[in-house]
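Q: Structure provided below as structure tokens; questions to follow.
The values are calculated or read from the model by the stated rules, or taken from the named source; none is laboratory data. Quick caveat: nothing in here was measured; it's all calculated off a predicted structure. Please note: Cβ atoms are built from the backbone with ideal geometry, for glycine as well, and neighbour counts cover all protein chains shown. Please note that ligands, DNA and RNA were not included when accessible areas were found on the heavy atoms of the full protein model with its side chains. Shrake-Rupley method; radii C 1.70, N 1.55, O 1.52, S 1.80 Å.
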Amino acid sequence: MEFEELDLEHIGFIGDGAGITWAPLILIEGKEREVGTEELVIIENLNGNRVLAVCRRGFGRSPGLRRDRYTPGRAYVRIGRRPSSSRDSFDFELSVIGEVAPDGLRQNKLIIAPRSEVYRFRGGNPFTLMKVDMRYEVGYYKDHKEWRVPALPEYIPYHIGVFCTTGWGKTSLVRHKIIPLLREAGYGVLVFDWKGDDYAPYFPGKVIRADEIILEVEERGLDDMAEHLIERAYYCGSSGYQGAIRYILALTDVLHNLNLDEIESGAELKAILLEETPKYIVNYASTRYVDENIRLFKSYFSRLSDSIFDECLRRMREGRYSAEDVIEMARGDLRVIDLSGRESDEKLRIFLEIARVLRYRMDVEKQRIGLALVIDEAPQYCPYGSLGLQRETTRMIVDLCALGRSYQLPIILLSQGIMGEIGINAAVRRNINTWFVGKVHPLDRGEAEKLLPDVDLEFLQSLEVGHFYFFGNMSPSPVPLLIRFEVEEG
Ligand SMILES: Nc1ncnc2c1ncn2[C@@H]1O[C@H](COP(=O)(O)OP(=O)(O)O)[C@@H](O)[C@H]1O
Ligand SMILES: [Mg+2]
């Protein structure tokens with residue numbers, strides 16, 4: 001949209017002390033009832049350019065009521081009468097977003113002149129002035145549903161962080177806005193769903209359960225299973241493992257040749273094993289004893305309960321996918337790994353297994369990946385002070401971040417805390433270049449102040465659910481923008 005097509009309304013003038021990135025706005029009488037914080041405005045700079053800015057801190061002034069001296073106004077108040085409003089005024093501090101140029105927004109370099117006129121938008125999307133591709137959006141601008149806020153997809157591989165206290169909309173933002181944006185930009189998405197209820201229920205048909213993934217370090221062989229079964233069958237009457245080796249070998253052969261898809265229950269598995277194993281015992285027993293061995297096998301094996309075979313079936317069915325398979329499935333598509341029901345260390349091992357493959361492909365094979373990793377509950381993977389396995393996952397995430405920039409592997413980290421004990425590891429945090437920050441934990445006030453220097457901290461702390469400040473290199477604005485989004489499931 002061109003500037004001339006926008007519908008603007010005059011709301012005030014620039015006051016004394018304006019700079020290049022900052023300017024005070026004095027509102028025309030009555031406008032203080034209509035213009036709120038985070039409103040976007042245009043400054044017709046008397047020094048010759050046109051500047052887009054945003055209202056931040058607001059002030060109401062009434063010099064007749066000053067606190068540090070006696071005034072007639074204060075005397076009126078003391079006797080219960082309303083003091084005069086004739087000297088009242090209302091100001092906003094404006095943060096400059098940029099200079100409006102025909103080819104988009106660029107950095108403002110001119111001092112903003114006091115007395116310049118200030119306008120607000122009544123119609124048209126101010127973000128179209130940025131002249132960036134509006135296909136990539138992260139939500140809408142605070143109260144204006146039709147003002148879609150664009151994002152710059154070329155910076156996606158510089159990694160994204162989403163922070164706010166629990167229950168204030170991190171997961172929802174990622175589900176509704178960031179994942180669709182990643183897909184639109186051509187990335188496959190692999191989500192690690194720590195609790196299994198944040199993503200898995202919303203992406204039917206795209207979920208991989210943790211127990212479907214084979215962990216190389218603890219791959220359970222069918223040999224172990226055969227040994228286990230024969231042991232449960234009292235080694236078919238032999239004195240121990242050595243004596244029962246022929247049964248174990250025979251059973252292993254049968255298990256290797258099974259077609260799991262055709263077996264429906266433990267009882268059915270048991271029947272097949274009882275039927276098939278004798279055919280293989282022939283290969284391992286000496287001719288003299290074959291018949292006796294088969295008889296013993298049948299007699300002991302048939303006493304095992306069906307539930308033992310149900311368990312075997314479950315274990316054989318799990319571990320269908322290797323880390324490579326998972327990556328292939330997610331590429332150009334989306335997969336959610338449902339980590340629920342596993343010990344924390346096991347969840348981290350699954351992450352590591354997949355991450356190791358990705359690191360190898362980037363570091364050694366120099367492969368472009370094109371896959372985004374969504375790490376919700378990030379402090380579980382890379383906490384502030386990491387010990388044990390978390391230390392390994394933290395290092396791994398740092399490595400992935402460093403390589404991911406060159407090989408298109410963006411990482412999206414979600415955390416309730418930014419720094420310190422509730423936050424994520426500093427080495428990881430340094431790799432985040434695009435930020436979504438909502439209402440933060442009180443322990444993070446200091447950090448929030450550093451990240452959002454011109455935002456009123458009290459306002460930040462009172463943000464409603466689903467409101468985030470968006471800033472960093474994916475944002476076309478140099479100053480944070482307050483965005484919102486709708487949660488329409490389905
Ligand atoms: N933009 C929004 N509008 C309305 N409700 C929202 C919005 N974002 C989140 N919610 C609601 O808030 C609750 C918590 O959201 P969630 O994304 O799980 O937060 P978090 O991941 O930060 O703990 C959910 O019930 C969700 O439906
Ligand atoms: Mg969440």
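Q: Out of all the residues in the stretch 36-58, is one or more at pLDDT below 95, open to solvent by less than 70 Å² (accessible area, probe 1.4 Å) and in contact with a Pro (Cβ under 9 Å, 6 or more places away or on another chain)?
A: Within the stretch 36-58, none of the residues are at pLDDT below 95, open to solvent by less than 70 Å² (accessible area, probe 1.4 Å) and in contact with a Pro (Cβ under 9 Å, 6 or more places away or on another chain).
Q: Cβ contacts < 7 Å: first residue more than 18 Å from Val174 (Cα to Cα) and touching a residue at least 24 places away in the same chain (Cβ under 8 Å), restricted to the stretch 456-485; second residue within 16 Å of ligand 1 (Cβ to nearest atom) and in a strand (DSSP E or B), any location; separation 6+ or different chain. Result?
A: Pro480/Tyr469; Pro480/Phe470
Q: Could you check how many residues of the stretch 196-215 are among the charged types (D, E, K, R), open to solvent by 40 Å² or more (accessible area, probe 1.4 Å) and either in contact with a Pro (Cβ under 6 Å, 6 or more places away or on another chain) or at pLDDT below 95 (or both)?
A: The qualifying residues number 1.
Q: If you go through the stretch 70-107 one residue at a time, how many are part of a loop (DSSP other than H, G, I, E, B) and open to solvent by 100 Å² or more (accessible area, probe 1.4 Å)?
A: The qualifying residues number 8.
Q: Does Ser344 fit the bill of being under 23 Å from Arg209 (Cα atoms) and surrounded by fewer than 19 Cβ atoms within 10 Å (Cβ to Cβ)?
A: Taking the combined requirement at face value, the residue satisfies it.
Q: Restricting to the stretch 254-269, count the residues that are surrounded by fewer than 16 Cβ atoms within 10 Å (Cβ to Cβ) and farther than 12 Å from Phe309 by Cβ.
A: Qualifying residue count for the region: 6.
Q: Okay, moving on. Take Ile294 and decide whether it is buried (at least 18 other Cβ atoms within 10 Å of the Cβ), more than 30 Å from Leu352 (Cα to Cα) and without any contact (Cβ under 8 Å) to a residue 24 or more places away in the chain.
A: Here the answer is yes, as Ile294 does meet what is asked.
Q: Return yes or no: is Pro201 within 16 Å of ligand 1 (Cβ to nearest atom) and part of a helix (DSSP H, G or I)?
A: Numbers: within 16 Å of ligand 1 (Cβ to nearest atom): yes; part of a helix (DSSP H, G or I): yes.
Answer is yes for this residue.
Q: Among (1) touching a residue at least 60 places away in the same chain (Cβ under 8 Å); (2) touching a Leu at 6+ places or on another chain (Cβ under 9 Å), where does Ile272 come up short?
A: Unmet condition: (1).
Q: Would you check if there is a residue in the stretch 436-455 being aromatic (Phe, Trp, Tyr), open to solvent by 20 Å² or more (accessible area, probe 1.4 Å) and assigned by TED's automatic domain parsing to the domain that holds Ala355?
A: Within the stretch 436-455, none of the residues are aromatic (Phe, Trp, Tyr), open to solvent by 20 Å² or more (accessible area, probe 1.4 Å) and assigned by TED's automatic domain parsing to the domain that holds Ala355.
Q: Here's a follow-up. I'm trying to understand the selection: among the residues of the stretch 418-435, which are open to solvent by less than 30 Å² (accessible area, probe 1.4 Å) and within 16 Å of ligand 2 (Cβ to nearest atom)?
A: Ile418, Gly423, Ile424
Q: Any idea which of Arg50, Arg67 is among the charged types (D, E, K, R) and farther than 18 Å from His10 by Cα?
A: So the residue among Arg50, Arg67 that is among the charged types (D, E, K, R) and farther than 18 Å from His10 by Cα is Arg67.
Q: Could you run through the stretch 441-490 and say how many residues are away from ligand 2 (no atom under 16 Å from the Cβ) and β-branched (Val, Ile, Thr)?
A: The number of residues fulfilling the criteria is 3.
Q: Would you be able to say whether some residue in the stretch 395-412 is within 16 Å of ligand 2 (Cβ to nearest atom), open to solvent by less than 10 Å² (accessible area, probe 1.4 Å), modelled with pLDDT of 95 or more and hydrophobic (A, V, I, L, M, F, W, C)? Reasoning before the result, please.
A: If we filter the stretch 395-412 for residues that are within 16 Å of ligand 2 (Cβ to nearest atom), which is where we start, we get 412.
From what is left, the residues that are open to solvent by less than 10 Å² (accessible area, probe 1.4 Å) are 412.
Next, only the ones that are modelled with pLDDT of 95 or more stay: 412.
Now restrict to residues that are hydrophobic (A, V, I, L, M, F, W, C): 412.
Taking every residue of the stretch 395-412 in turn, at least one turns out to be within 16 Å of ligand 2 (Cβ to nearest atom), open to solvent by less than 10 Å² (accessible area, probe 1.4 Å), modelled with pLDDT of 95 or more and hydrophobic (A, V, I, L, M, F, W, C).
Q: Name the strands (runs of 3 or more DSSP E) wholly inside the stretch 125-181 in which the number of residues that are open to solvent by 30 Å² or more (accessible area, probe 1.4 Å) and more than 16 Å from ligand 2 (Cβ to nearest atom) is 2 or more.
A: Because the criterion is at least 2 residues that are open to solvent by 30 Å² or more (accessible area, probe 1.4 Å) and more than 16 Å from ligand 2 (Cβ to nearest atom), the strands (runs of 3 or more DSSP E) in the stretch 125-181 that meet it are 144-150.
Q: Looking at the structure I just gave you, is Ser415 within 16 Å of ligand 2 (Cβ to nearest atom), under 25 Å from Val149 (Cβ atoms) and either within 15 Å of the chain's Cα centre (by Cα) or open to solvent by less than 40 Å² (accessible area, probe 1.4 Å) (or both)?
A: Judged against the criteria, Ser415 is a match.
Q: Exactly one of these conditions fails for Asp345: (1) acidic (Asp, Glu); (2) touching a helix residue (DSSP H, G or I) at 6+ places or on another chain (Cβ under 6 Å); (3) within 16 Å of ligand 1 (Cβ to nearest atom). Give me its number.
A: It is condition (3) that Asp345 fails.
Q: Which residues, counting only those in the stretch 101-138, are of a type in the set (Val, Ile, Thr) and at pLDDT 95 or above? Before the answer, list the steps.
A: From the stretch 101-138, those of a type in the set (Val, Ile, Thr) are 111-112, 118, 128, 132, 138; that's our starting set.
Answer for the stretch 101-138, where residues must be of a type in the set (Val, Ile, Thr) and at pLDDT 95 or above: Ile111, Ile112, Val118, Val138.
Q: Follow-up. Considering the stretch 151-170 alone, what residues qualify as being within 15 Å of ligand 1 (Cβ to nearest atom) and touching a helix residue (DSSP H, G or I) at 6+ places or on another chain (Cβ under 6 Å)?
A: Val162, Cys164
Q: What number of residues within the stretch 297-341 satisfy the criterion of being open to solvent by 50 Å² or more (accessible area, probe 1.4 Å), of a type in the set (S, T, N, Q) and assigned to a helix (DSSP H, G or I)?
A: 1
Quick grid of which residues meet (1) farther than 21 Å from Arg57 by Cβ; (2) touching a residue at least 12 places away in the same chain (Cβ under 8 Å); (3) not assigned by TED's automatic domain parsing to the domain that holds Gly64:
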{"site": "Arg81", "(1), (2), (3)": "yes, no, no"}
{"site": "Ser84", "(1), (2), (3)": "yes, yes, no"}
{"site": "Asp91", "(1), (2), (3)": "no, yes, no"}
{"site": "Ala101", "(1), (2), (3)": "yes, no, no"}
{"site": "Leu105", "(1), (2), (3)": "yes, yes, no"}
{"site": "Leu110", "(1), (2), (3)": "yes, yes, no"}
{"site": "Pro114", "(1), (2), (3)": "no, yes, no"}
{"site": "Arg120", "(1), (2), (3)": "no, yes, no"}
{"site": "Val138", "(1), (2), (3)": "yes, yes, yes"}
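Q: Continuing with this model, one more query. Which residue is most open to solvent (accessible area, probe 1.4 Å), if the candidates are limited to the stretch 353-390 and must be away from ligand 2 (no atom under 16 Å from the Cβ), in a helix (DSSP H, G or I) and within 20 Å of Gly161 (Cα to Cα)?
A: The extreme case among them is Gln390.
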